[in-house]
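For reference, the structure I am asking about is given below.
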Amino acid sequence: MADPTLRLVPGRQQWLIARTDRDGASAAEVADMVSGFLQFTFRDVQGDQPGSSPEEVFPTGNHTWRVSAARPVILLLTPSQTEPPVSGSIIARREDLEELPLLNASRPWYLVVELWWRGPAASIPWPALQVTWAGTRQRDYTEADWLLLRSFVPPTEATDPGDDSWSGATSAAIGEGLRVLKSGLSTAALVVAGLFAMGGVMLLASRGRARRR
C-alpha cells in the first residue's frame, strides 16, 4: 500500500503535530528538534517547487525556518503535553486516512506550526518520522515519533510575514553579521587592520619589483 499523502495548498495553513515522550526530552528540546522533522518531511515534495533543495532547512531565529517553498514555517506555541484547541477549515486529518497512523508515546507532546506555502499546489507523504535505536530516520505509520494530526486553514486572517528568497535571506543574515562585526570594532582595531592591509600591498609590490629585475 502506498503512503498516504498530504496536500500543500498555496498560502497560509497550520499543522497540529504530536511527538513522542519516550526519550524524556523537555519542551525546549522538543522545540529545537522541529527543524529535523521539517527536513525529513519536505524531502519528497511532489511537483516542481521553487526555493532550495527540499531537504535544506534554513533557520531564521525564534523557532522560524524556511524549507522548500514553505517560507516561513513558524512554531506558534511552546510544546505542551496538553492538546491545544485548534479550529479552521480542515485540509486533512489523520482520522480520515485509510489506515490510522499511530504515535509511539505515553504522554505525547503537541505542537502547532504555521507555514506559508509559496509554491503551486503540491503534495508530500503524510508527515510521520521515526528515529531508530541506531539514530537513522525513517517514515513509519505504526510507531511514529513525530506525526501530523491535522492540517487546516485558520479562521482568522494574518499579516503575511514576508517571502524572502533563500539567497535574500542568506544575504540579509550575512549583511547583518558584517554590520554587527563592524560596529564592534574600535577605531584602533580599524587602524591596525588598515596597516596590515597596507603592509600586504607593499610586500606584493616589492616582490613584483624583484621579479622584474
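Given a Förster distance of 35 Å, report the FRET efficiency between residue 102 and residue 62 from their Cβ-Cβ distance, rounded to the nearest 0.05.
It comes out at approximately 0.65.
Under 5 Å between amide hydrogens, which residues at least 5 positions from residue 123 or on another chain qualify, with H placed 1.01 Å from N in the peptide plane?
The answer is 8, 46.
Sort 74, 17, 90 by Cβ crowding within 10 Å, fewest neighbours at the top.
90, 74, 17
Let me ask something additional. How much length, in nm to one decimal, is gained on full extension between residue 89 and residue 76, taken as 0.36 nm per residue of separation minus their Cα-Cα distance? Mind showing how you got there, number by number?
Details: separation 13, 0.36 × 13 = 4.68 nm, distance 1.79 nm.
Roughly 2.9 nm would be gained on extension.
Moving to a separate point now. So who's got an amide H within less than 5 Å of the one on residue 56, skipping anything under 5 residues away but keeping other chains? H placed 1.01 Å off N, in plane.
So residue 56 has HN proximity to 68.
Here is a follow-up. When 159, 78 are ordered from fewest to most other Cβ atoms inside 10 Å of their Cβ, what list results?
Result, fewest neighbours first: 159, 78.
For residue 157 and residue 134 in the same chain, what is the full-extension length gain: residue separation times 0.36 nm, less their Cα-Cα distance, in nm?
Working: separation 23, 0.36 × 23 = 8.28 nm, distance 4.33 nm.
Separation in residues times 0.36 nm, less the Cα-Cα distance, equals 3.9 nm.
Using a 10 Å cut-off around each Cβ, can you sort 44, 23 from fewest to most neighbouring Cβ atoms?
23, 44
Less than 11 Å Cβ to Cβ from residue 148, Lys/Arg counted +1 and Asp/Glu -1: what total charge do the surrounding residues give?
Net local charge, residue 148 excluded: +4.
Coordinate-derived values only; no laboratory data. Being a predicted model, the structure only gives us computed values, none of them experimental. Note that each Cβ is placed from the backbone with ideal geometry, even for glycine, and that neighbours are counted across all protein chains shown.
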